[in-house]
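Colleague: If you scroll down you'll find the structure; I have some questions about it.
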Amino acid sequence: MTDYENELLDDFESEDEQVEVQPEVEVHHDKLSSVLSDSNNGIISDRIGQYDTVQDITKISKIKPIIPELRTKIQEYSNDETVDYLELLSSVNQAHENDEYKFILQINELSNLINNEIAMIHNFIKINYKPVFSELETLVLNPVDYSKIVMLINQDLKNIKSYEDELKRITTNEKVLIIIMAGLQQSPKQVQLEDEVFLNVLKACSLVLELNEILVELSSFISVKLSKFCPNVSAIIGPLTTSQLLIATGSLRQLSLTPACNIPSLGVKDLSSTTKTNPGPIRATGYLYHCDLINFLPKEIMKQAMRIEIENKIDKLLTPPEMTNDKALPIPIESKSKKRGGRRFRKMKERFQMSDLRKAQNKMEFGKEEDSIINAMGEEVGLGMSKSGGQGRLNININANTNAKMSKSMINRLQKQKQSSANDTLDTFTLSNPETEPNTSINSLATLLSIAGNKWFTGMKRLQDEGNDTNKKPKF
């Protein structure tokens, strides 16, 4: 016994305070890592089955034991407000991550676990408190507000109107009025819970408030710290979404190397079980889709907003179109419309139109025989009413427009030919005839034709007269 006691005393004397503190920190670190690495944290249905076996609901929680450690780490890393650029550069590379950067990446996983536990405990509270106030779970959907109201009114629904001022601090005035009216209607039907059951409900409500409090602390811490490690990204999409993207990619360096087309798809599988959305044509409903910058935009521009890089372009997409004044129709100009052609075209049509004599020839009198003639080709041509048109029934006018006309250029050309022929060398020439004087001077062609007894010119005149008789046409 003496040897054992001496060895034990030697051990107590050789221990150092620094040696004692170090294992304690390692134990806390082991707790945090074990909670994050546990694969059953997200399976809520397995833990709900422990409601009946466990009397204290707080023993089911896996976040409550590590809350003191989280607060000590938040306090430890919140003291350094200055930006150390060496740490910032080292945290970019995944191989040289410091403890602060690792803790920031763990916060996002912790926030998901905390939200899952709040939903689990909220379900436990609703199941046990439903006999007391069944309509409260449909009126108040927020787990934190629901827990505050349960802790406030307890089972006293008859005097629920006396808690009106406290209820207005928790929720809106309109909802307070609905809660009071529903509580007064439920008070005759309410069931008083046993003391042990109701005490367990109150413990669950206080646990929800405690988990919400640590969640708010973690959110405020990460919003401050991510401005140091990812200032630009956190300023655009918020610190929470930034931490989610960092965890999905592994580090800030990997996030910068990720193609822009793949960033909206990060987190689609992780959020598919916890969020129920109906995005419509948008399939990439990941972390970026649920951030505050995109989530409150109209669905028709969400796909464009996830691809652009600055808020001014989103504002430009949301601006309504410019108002355009309605212009009145111009006063119509009352003028005679221009027809195709013109005066020259009308004159040409008049020259080729059917004459009145031809129109009369195409008509026939009823009950009378038509007069006809035989033309030069031996064909019989009917005269119609053209022959009897002068008896007063038809007034046949001669259309002067159908007469043959010459153009001005043709008239000028013929006049020039006349002038050139007048200047020819036919002014004076001499003819010898034995019957007349031996030398007769003829001054013109008309004098030459008027000579009597001239055999040559008398024959030409006779032929000319016969030709004129044959060329005469019958007049109608």
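The values are calculated or read from the model by the stated rules, or taken from the named source; none is laboratory data. Treat the numbers as computed from the prediction; the structure is a model and nothing was measured. Note that we place each Cβ from the backbone using ideal geometry, even for glycine, and neighbour counts take in every protein chain shown.
Colleague: Determine, yes or no, whether PRO68 is at pLDDT 85 or above, surrounded by fewer than 17 Cβ atoms within 10 Å (Cβ to Cβ) and more than 30 Å from ILE178 (Cα to Cα).
Modeller: The answer is yes for PRO68.
Colleague: Shifting gears a bit: Among all residue pairs at least 6 apart or on different chains, which show Cβ distances below 6 Å where the first residue, located in region 147-166, is among the aliphatic types (A, V, I, L, M) and the second is loosely packed, with under 14 Cβ neighbours inside 10 Å?
Modeller: Listed by first residue and then by second, the contacts come to LEU152/GLU166.
Colleague: Between residues in region 182-208 that are more than 11 Å from ILE125 (Cβ to Cβ) and residues that are among the basic types (Lys, Arg), which pairs lie under 7 Å by C-beta distance while being six or more apart or on different chains?
Modeller: Note: pairs meeting the criteria are SER187/LYS158.
Colleague: Of all residues in region 329-354, how many are within 58 Å of the chain's Cα centre (by Cα) and acidic (Asp, Glu)?
Modeller: The qualifying residues number 1.
Colleague: Among the residues of region 208-230, is there at least one that is polar (S, T, N, Q), over 49 Å from the mean Cα position of the chain (by Cα) and either over 30 Å from SER78 (Cα atoms) or exposed (fewer than 14 other Cβ atoms within 10 Å of the Cβ) (or both)?
Modeller: Looking through region 208-230, none of the residues is polar (S, T, N, Q), over 49 Å from the mean Cα position of the chain (by Cα) and either over 30 Å from SER78 (Cα atoms) or exposed (fewer than 14 other Cβ atoms within 10 Å of the Cβ) (or both).
Colleague: Give me the pairs, please: first residue somewhere in region 60-80 and assigned to a loop (DSSP other than H, G, I, E, B), second residue anywhere and of a type in the set (Ser, Thr, Tyr), beta-carbon distance under 7 Å, and either six or more positions apart or on two chains.
Modeller: none
Colleague: Considering only residues of region 257-267 that are surrounded by fewer than 11 Cβ atoms within 10 Å (Cβ to Cβ) and in a helix (DSSP H, G or I), which is farthest from the chain's Cα centre (by Cα)?
Modeller: LEU257
Colleague: Sticking with this one: Please specify each residue of region 292-344 satisfying the condition of being modelled with pLDDT of 70 or more, assigned to a loop (DSSP other than H, G, I, E, B) and among the β-branched types (Val, Ile, Thr).
Modeller: Correct list: THR319, THR324, ILE331, ILE333.
Colleague: Name the pairs: first residue in region 354-383 and modelled with pLDDT under 85, second residue polar (S, T, N, Q) and surrounded by 13 or more Cβ atoms within 10 Å (Cβ to Cβ), Cβ to Cβ under 7 Å, at least 6 apart or on different chains?
Modeller: SER355/ASN399; SER355/THR402; ASP356/ASN399; LEU357/SER386
Colleague: Only residues that are surrounded by fewer than 15 Cβ atoms within 10 Å (Cβ to Cβ), outside any helix (DSSP H, G or I) and of a type in the set (A, V, I, L, M, F, W, C): list them for region 162-207, please.
Modeller: VAL191
Colleague: I'd like the full set of residues that are among the β-branched types (Val, Ile, Thr) and more than 20 Å from LEU293 (Cα to Cα), limited to region 229-264.
Modeller: Residues satisfying the conditions are THR249, THR258.
Colleague: Would you check if there is a residue in region 88-109 being of a type in the set (Lys, Arg) and either modelled with pLDDT of 90 or more or closer than 17 Å to LYS203 by Cα (or both)?
Modeller: no
Colleague: Would you mind telling me which numbered condition in (1) buried (at least 21 other Cβ atoms within 10 Å of the Cβ); (2) free of Cβ contacts under 8 Å to residues at least 40 places away in the same chain; (3) under 30 Å from the mean Cα position of the chain (by Cα) ALA235 fails?
Modeller: In the conditions (1) buried (at least 21 other Cβ atoms within 10 Å of the Cβ); (2) free of Cβ contacts under 8 Å to residues at least 40 places away in the same chain; (3) under 30 Å from the mean Cα position of the chain (by Cα), ALA235 misses (1) alone.
Colleague: Among the residues of region 181-219, count how many are farther than 17 Å from ASN128 by Cβ, of a type in the set (Ser, Thr, Tyr) and modelled with pLDDT of 90 or more.
Modeller: Residues that pass the stated criteria total 0.
Colleague: Among the residues that make up region 114-126, is at least one of them at pLDDT 85 or above, among the β-branched types (Val, Ile, Thr), farther than 30 Å from PHE229 by Cα and in a loop (DSSP other than H, G, I, E, B)?
Modeller: Within region 114-126 (the criterion being at pLDDT 85 or above, among the β-branched types (Val, Ile, Thr), farther than 30 Å from PHE229 by Cα and in a loop (DSSP other than H, G, I, E, B)), the answer is no, since none of the residues qualifies.
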